[in-house]
Amino acid sequence: MNQAIKPGSETPSQAGLPELSVVVPTFNERDNVTVLYRRLEATLAGTAWEVVFVDDNSPDGTWDVVRGLARKDSRVRCIRRIGRRGLSGACIEGILASSAPYAAVIDADLQHDETQLPKMVALLRSGEAELVVGSRYIEGGSADSFNKQRAGASQLATEVAKRALKVEIADPMSGFFMIRRDRFEQLAPQLSTQGFKILLDVIATAQGKLKTVEIPYAFGSRQHGESKLDSMVALDFLGLVLAKLTHDVVSLRFLLFAMVGGTGLVVHLVALFIAHEIFREPFAEAQAAGALVAMTSNFILNNFLTYRDQRLKGFAILRGLLLFYLVCGVGLLANVGVAFAVFDQEPIWWLAGLAGALMGVVWNYAMSGLFVWRKR
């Protein structure tokens, strides 16, 4: 259980601005935030600091625990986000809301080594680095707390990031880093608010123009709560890599939407086969059934993955599904119309089909954002 914090005379609100803002994204971390606060207080005793907890409206009331800390120590701040989810977006909002020249990102799960923060500040302060990364994969670092599955996934993602995006640091998947705030502000407009890998996004967006230093640390074991990573993070990561490969010509959300559409094609064909070949339904009815099943599948996946930060719940799911059917129905007409127009000009079937499909995806994506998953 959390106990009330009673800071002594050595922790009054500070008159000057902090030198370091520690940004902590949280979701259901009420058992960890007090422990982390105490650790920061001990580690940063010689530094003017603040901690900004960015909480995604945790059902366990993490934000309430943080506000209890903030009432006793003005260095503690809480940003409670409602209707928005995602680690990357939380980190971006937290850093931009900070008031220090240096900003660190650290998880609330106590797996990062906060004792490295003074060393990271010193590297930024001296000008040796603009970005300091806590690395598990250089000499002196370790990720021994990973199970075999997570260790393998982390190593695979690291290798993909290095090869695909020409990232040169050893641990681009780290969630523990510190950056000069002015340099972050320059990059922020190009960063994705989705996904979990904010550091990879920062490094890829900077395109080698950030002076970076890695320092080793040992990745610890989670003490309370459960990991927020799930099986869909792999698609988030793939979407981020593809977005950066296109130099952000298309957004991560659009790529995820398109990937979901690709799975919908497979679902459509499977449903069509079952209805037409197994249940012997006429082709027209089987095709309609396949389209309906595919649209439903696309809606569920988009709600779960593409728009996870604006996820529909309760009665809004039914309303959103009906709107999605309508949007996709109009999108199908746009698809066919463009395909016929292209075929009339240039009778190449695959070119016409591709143009129609692209039009359909763009229409569905734009209209879904406006009507189905619009920001509230």
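The values are calculated or read from the model by the stated rules, or taken from the named source; none is laboratory data. The structure presented is a predicted model; accordingly, all values stated were derived computationally and were not measured. Backbone-built Cβ (ideal geometry, glycine too); neighbour counts: all protein chains shown. Areas reflect the complete protein model, heavy atoms only, side chains present, ligands, DNA and RNA absent. Shrake-Rupley method; radii C 1.70, N 1.55, O 1.52, S 1.80 Å.
Net charge in the neighbourhood of T158 (other residues with Cβ under 13 Å of its Cβ; Lys, Arg +1, Asp, Glu -1) is +1. For the range 104-206, take the alpha-carbon Rg, divide it by the Kirkwood Rh, and send me Rg/Rh. So for the range 104-206, dividing Rg by the Kirkwood Rh gives 0.95. Measuring r between the beta carbons of W349 and V160 and using R0 = 41 Å, the FRET efficiency lands at 0.75. Backbone geometry of the range 151-168 corresponds, through the Karplus equation with coefficients 6.51, -1.76 and 1.60 at θ = phi - 60°, to 3J(HN,Hα) couplings of 4, x, 5, 5, 5, 5, 4, 4, 5, 4, 4, 5, 6, 6, 10, 6, 7, 9 Hz, x marking Gly and Pro. Just checking the listed ones, S21, S154, S174: in the Gaussian network model of the chain with Cα springs under 10 Å, the one fluctuating most is S154. Considering only beta bridges that DSSP places wholly inside the chain, some 25 percent are antiparallel. The residues neighbouring I198, those whose beta-carbon lies less than 12 Å from its own, together hold a net charge of -3 under the Lys/Arg +1, Asp/Glu -1 convention.
For the chain, the 222 nm mean residue ellipticity estimated from helices alone, with every DSSP H stretch of n ≥ 4 adding -39500 (n - 2.57) and the total spread over all residues, rounds to -16000 deg cm²/dmol. Heavy-atom accessible area with a 1.4 Å probe sorts Y307, Y325, largest first, into Y325, Y307. Per residue, the chain exposes 49 Å² of accessible surface when a 1.4 Å probe is rolled over the protein heavy atoms with every protein chain present.
Carbon and sulfur atoms: what percent of the 1.4 Å accessible area of the chain do they account for? Walk me through the numbers before you get to the answer.
Numbers: 11310 of 18530 Å².
After summing per-atom areas, the C and S share lands at 61 percent.
Under a 5 Å amide H cut-off, with hydrogens placed 1.01 Å from N, S135 pairs with I215, Y217 among residues at least 5 apart or on other chains.
Check each of the GluC sites (Glu not before Pro) in the range 117-218 and keep only those in coil by DSSP with at most 16 other C-beta atoms within 10 angstrom; list them in order.
Details: sites: E128, E130, E139, E159, E168, E185, E214; in loops: E128, E130, E139, E168.
In loop regions of the range 117-218 (DSSP not H, G, I, E or B), the sparsely surrounded GluC sites (Glu not before Pro) are E128, E139, E168.
Ligands, DNA and RNA aside, R84 has an accessible area near 90 Å² when probed at 1.4 Å. From the largest down, the range 287-366 spans 47, 26, 15 angstrom on the principal axes of its Cα atoms. For the range 90-183, the relative contact order works out to 45 percent when only alpha carbon pairs closer than 8 Å and six or more residues apart are counted. For the range 322-327, putting each phi into the Karplus relation 6.51 cos²θ - 1.76 cosθ + 1.60 with θ = phi - 60° gives couplings of 5, 5, 5, 4, 5, 4 Hz, in residue order, rounded to whole numbers and with x for Gly and Pro. Legend: translational diffusion of the chain by Stokes-Einstein, Rh = Kirkwood radius over C-alpha pairs, 25 °C, 0.890 mPa s; D = 107 µm²/s.
Helix 233-245 and the long axis of the chain differ in direction by around 80°, with both axes built from C-alpha atoms.
Of R75, R150, R181, which has the most accessible area and how do the rest follow, probe 1.4 Å?
Values: R75 20, R150 85, R181 50 Å².
Heavy-atom accessible area, descending, gives R150, R181, R75.
For the range 160-295, what is Rg from Cα atoms divided by 2.2 N^0.38 Å, rounded to two decimals? List each step's numbers first, then the result.
Details: Rg = 20.9 Å, N = 136, 2.2 N^0.38 = 14.2 Å.
Normalised by 2.2 N^0.38 Å, the Cα Rg of the range 160-295 equals 1.47.
Shape summary of the range 147-208, radius of gyration then Dmax from alpha carbon positions: 12.3, 39 Å. Only one residue of G94, L272, V342 has its Cα farthest out toward the positive end of the dipole of the chain, where Lys and Arg carry +1 and Asp and Glu -1 on Cβ, and that residue is G94. Computed over the range 252-341, relative contact order equals 27 percent, with contacts defined as Cα pairs under 8 Å that lie 6+ residues apart. For GluC sites (Glu not before Pro), the sites in the range 7-99 that DSSP calls loop and that have at most 14 other Cβ atoms within 10 Å are E10.
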